[in-house]
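Enquirer: My questions all concern the structure below.
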């Protein structure tokens, strides 16, 4: 299973657990996963922006 698919499964399980057991620890786990994913998405955006600028400069 690709990493992204595994991550989606992990996130869904955490959300399901949080809904079934509305304990603070479950909510915190979901929040941590979302923050982690959001950070990764921002890093990917920055990387793509950098690569696109390099392609524009090189004429590719």
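Enquirer: Checking the conditions here, which among 15, 57 is assigned to a helix (DSSP H, G or I), surrounded by fewer than 12 Cβ atoms within 10 Å (Cβ to Cβ) and at pLDDT below 85?
Expert: Values: 15 fails: surrounded by fewer than 12 Cβ atoms within 10 Å (Cβ to Cβ).
Selected residue: 57, the only one of 15, 57 that is assigned to a helix (DSSP H, G or I), surrounded by fewer than 12 Cβ atoms within 10 Å (Cβ to Cβ) and at pLDDT below 85.
Enquirer: Hey, another quick one. So which residues in region 18-35 are surrounded by 12 or more Cβ atoms within 10 Å (Cβ to Cβ) and out of contact with any helix residue (DSSP H, G or I) (no Cβ under 6 Å at 6 or more places or on another chain)? Before the answer, list the steps.
Expert: Keep residues of region 18-35 that are surrounded by 12 or more Cβ atoms within 10 Å (Cβ to Cβ), which gives 18, 26-31, 33-34.
Across region 18-35, the qualifying residues are 28, 31, 34.
Enquirer: Here's a follow-up. Looking only at region 25-54, which residues are more than 20 Å from the chain's Cα centre (by Cα) and modelled with pLDDT of 85 or more?
Expert: Initial filter on region 25-54 (more than 20 Å from the chain's Cα centre (by Cα)): 51-54.
Matches in region 25-54: 51, 52, 53.
Enquirer: Given the criteria part of a helix (DSSP H, G or I) and touching a residue at least 12 places away in the same chain (Cβ under 8 Å), does residue 26 qualify? It would help to see each step written out before you state the result.
Expert: On the way: part of a helix (DSSP H, G or I): yes; touching a residue at least 12 places away in the same chain (Cβ under 8 Å): yes.
Taking the combined requirement at face value, the residue satisfies it.
The values are calculated or read from the model by the stated rules, or taken from the named source; none is laboratory data. The shown structure was predicted, so the numbers you read here are calculated from the model rather than taken from an experiment. Here Cβ is always computed from backbone atoms with ideal geometry, including for glycine, and neighbour counts include all displayed protein chains.
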